[in-house]
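J.: Supplied in structure tokens, the structure appears directly below.
The values are calculated or read from the model by the stated rules, or taken from the named source; none is laboratory data. What you see is a predicted model, and the numbers here were worked out from it, not measured in a lab. With ideal geometry, Cβ positions are generated from the backbone for all residues, glycine too; neighbour counts draw on all protein chains shown. Note: areas computed on protein heavy atoms with side chains; ligands, DNA, RNA excluded. Shrake-Rupley method; radii C 1.70, N 1.55, O 1.52, S 1.80 Å.
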Amino acid sequence: MSSERLASEITTLSAHLAAAMCRWLELVAEFDRREAWAGWGCRSCAHFIGWRCSISPGAAREHVRVARRLAQMPSVRDAFARGELSYSKVRALSRLDPLRDDEGLVELARTHTAAQLETVVRTTQRVTREQAADAHEARRLVLEPRDDGTVAVRGLLSAEDAAVLRRALDLATEAIAAE
């Protein structure tokens, strides 16, 4: 096989891998929306993906995060599904919020390498210590006892923390019902 043919085969298969990854992430997003992972005894979709797909916990969480964002980025998703954008580029673009110009993001990705795109995104997403502290402070879970013996629960959690709490409550409910 000539070097040119070898290069062509590598880039063609890379596009196929990107398209397959896009489809896989769409399935992950649907699995997550259905909370189907709970039926496997997992505490989150990322936990399921890590376990069943042999992916490290951090990478699994990142895959689920990107999967959730794809639906909000139709032009990016379409280019990814056609194999025109790599997972690395889509992952970087998915960190941009709010997503105002989806088609512009595709063009940005086409004109930059994955490393350059990571730098662009990182530069635009710098968070001050004050912003990080505000975000951390906004997360809370409050239990308020009431006069009638019930407890009101209020909170603001990340999607991952909420999934863990939901699963813990489901398991506790099952345990109580089994008694």
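J.: Loop-only check: which trypsin sites (Lys or Arg not before Pro) in segment 31-90 are DSSP coil with at most 14 other Cβ within 10 angstrom?
T.: Answer in residue order: R34, R82.
J.: Which semi-axis lengths, in whole Å and largest first, follow from the square roots of five times the eigenvalues of the Cα gyration tensor of segment 42-89?
T.: Those come to 23, 11, 8 Å.
J.: For the chain, treating each Cα as an identical point scatterer without solvent, what Debye log10 I(q)/I(0) comes out at q = 0.12, 0.13, 0.14 1/Å?
T.: For the requested q values the scattering log ratios are -0.73, -0.83, -0.92.
J.: Next question, about the same structure. Just to confirm the number: angle between the C-alpha axis of helix 129-138 and the first principal axis of the chain, 0 to 90 degrees, nearest 10?
T.: For helix 129-138, the angle is close to 50 degrees.
J.: Running a GNM on the chain with Cα contacts under 10 Å, which residue among S56, S158, S44 ends up with the highest mean-square fluctuation?
T.: Result for the chain, Cα springs under 10 Å: S158 fluctuates most.
J.: Roughly what angle does helix 57-70 make with the longest principal axis of the chain, taking Cα atoms, 0 to 90 degrees, to the nearest 10?
T.: 80 degrees
J.: How far is it, in nm, from the label point at V151 to the one at T12 when both lie 7 Å from their Cα along the line to the Cβ?
T.: 6.2 nm
J.: Let me ask something else. With a 1.4 Å probe and all protein chains kept in place, how much accessible area does L156 have, in Å² rounded to the nearest 10?
T.: Per-residue accessible area (L156): approximately 80 Å².
J.: Looking at C53, T150, H112, which one has the Cα that reaches farthest to the positive end of the dipole of the chain (charges on Cβ: Lys, Arg +1; Asp, Glu -1)?
T.: Working it through, the farthest residue towards the positive pole turns out to be H112.
J.: Tilt of helix 159-178 relative to the longest C-alpha principal axis of the chain, in degrees (0 to 90, nearest 10)?
T.: In the chain, helix 159-178 runs at an angle near 40 degrees to the longest axis.
J.: What nm distance separates the two modelled labels at Q125 and S88, each placed 7 Å from Cα along Cα→Cβ?
T.: The modelled label-to-label distance comes out at 1.6 nm.
J.: For M21, M73, M1, give the ranking by accessible area with the largest first, probe 1.4 Å. Walk me through the numbers before you get to the answer.
T.: Details: M21 50, M73 0, M1 165 Å².
Descending accessible area places them as M1, M21, M73.
J.: Another question, if that's okay. Top mean-square fluctuation among A15, A59, A152, Gaussian network model of the chain, C-alpha springs under 10 Å?
T.: A152
J.: Pop the C-beta distance of A168 and D78 into the FRET formula with R0 = 30 Å and round what comes out to the nearest 0.05.
T.: The formula returns an efficiency of 0.20 here.
J.: Let me ask something else. Hey, in the GNM for the chain with a 10 angstrom Cα cutoff, which one of V76, V121, V64 fluctuates hardest?
T.: Taking springs between Cα atoms under 10 Å, the residue moving most is V121.
J.: Right, another one. Can you run phi through the Karplus equation (6.51, -1.76, 1.60; θ = phi - 60°) for segment 78-93 and list ³J(HN,Hα) in whole Hz, with x for Gly and Pro?
T.: 4, 5, 5, 5, 7, x, 7, 10, 7, 4, 4, 5, 5, 4, 5, 4
J.: About the Cα centre, and with charges only on the beta carbon of Lys, Arg (+1) and Asp, Glu (-1), how big is the dipole of the chain? Nearest 20 debye, please.
T.: Dipole of the chain, to the nearest 20 debye: 380 debye.
J.: Just to confirm, what accessible area per residue do you get for the chain at 1.4 Å probe, in whole Å²?
T.: Each residue of the chain exposes 66 Å² on average to a 1.4 Å probe.
J.: OK, next. Would you mind checking which residues have amide H under 5 Å from S86's amide H? H placed 1.01 Å from N; only 5 or more apart, or other chain.
T.: none
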